[in-house]
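> Have a look at this one.
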Amino acid sequence: MEEILNYLNNYFYSYALVTDVTFEEDGNSFTISKFKKNFYKGQYIKIEETTINDGIFKIISIRDNGDSITITTDSTDLVEGNFRCLILALAVPRAVIKLKEAIEEFKTKNKPSVYTSESFGNYSRSWATNSKGAILTWKDVFKEDLNQYRCMFDDREGLEVIKWL
């Protein structure tokens with residue numbers, strides 16, 4: 001999802017939380033103090049200002065620990081430690097999530113190659129190319145579908161920022 005949202009320059013921000021975060025040693029979860037806004041299983045979040053754990057992640061599960069919550073993500077390589085960071089809750093539209101699934105399927109079936117065609121004896125095969133003569137990428141194939149979600153500027157103005165503790 002991170003590659004797609006970066007390509008769109010649109011992160012579908014919902015709200016931002018500035019808080020102390022404890023990244024667990026399992027490499028995929030972190031703990032924060034409870035606050036009045038909710039996170040949801042399946043939601044995407046963007047983490048910033050940690051230096052080493054920045055990125056966009058999907059929430060796999062949420063565990064309520066009483067006065068804190070532990071969020072498990074789809075990451076496997078979060079670095080253990082305590083950070084004061086920015087967690088941006090994203091509200092990615094369902095249509096963009098479905099496009100992500102279609103893009104992943106396209107990427108699986110169409111591995112990148114430096115060749116536009118190949119032939120062996122009686123066998124030959126050519127790949128579709130874009131206007132530059134390069135093999136089509138997911139960006140070429142899904143450009144029209146994604147264009148409606150593109151943003152010129154990273155729009156954080158008016159974003160509700162919650163400074164917690």
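The values are calculated or read from the model by the stated rules, or taken from the named source; none is laboratory data. In this text, all values refer to a predicted model and were calculated from it rather than measured experimentally. Glycine also receives a Cβ, built like all others from the backbone with ideal geometry; neighbour counts cover every protein chain displayed. When the accessible area is computed, the model is the full protein with side chains, heavy atoms only, and any ligands, DNA or RNA have been set aside. Shrake-Rupley method; radii C 1.70, N 1.55, O 1.52, S 1.80 Å.
> Amide H of VAL21 versus every other amide H placed in the peptide plane: which residues, excluding those fewer than 5 positions away on the same chain, fall under 5 Å?
For VAL21, whose amide H was placed from the backbone, the distant partners under 5 Å are PHE83, ARG84, CYS85.
> Show which lysines lie in cross-link reach of LYS36 when reach means a straight Cα distance below 28 angstrom and same-chain residues fewer than eight apart are skipped.
Partners found: LYS46, LYS58, LYS163.
> Once you sort the root eigenvalues of the Cα gyration tensor of the stretch 28-82 as a ≥ b ≥ c, which label holds: rounded (a/c under 1.5), prolate (a/b larger than b/c) or oblate (the other case)?
Prolate is the answer for the stretch 28-82, as a/c is 1.5 or above and a/b outweighs b/c.
> Provide PHE106, PHE30 ordered by accessible surface of protein heavy atoms (probe 1.4 Å), highest first.
PHE106, PHE30
> Next question. Within the stretch 10-47, list the residues whose amide N lies under 19 Å from a label point set 7 Å along Cα→Cβ of MET152.
Under cut-off, by backbone N: 10-12.
> Averaging sequence separations of C-alpha pairs under 8 Å and six or more residues apart, then dividing by the length of the stretch 39-89, give the relative contact order as a whole percent.
41 percent
> Can you pull the percent of the stretch 1-97's accessible area that's carbon plus sulfur, 1.4 Å probe, other chains left in place?
Accessible surface attributable to carbon and sulfur in the stretch 1-97 totals 45 percent.
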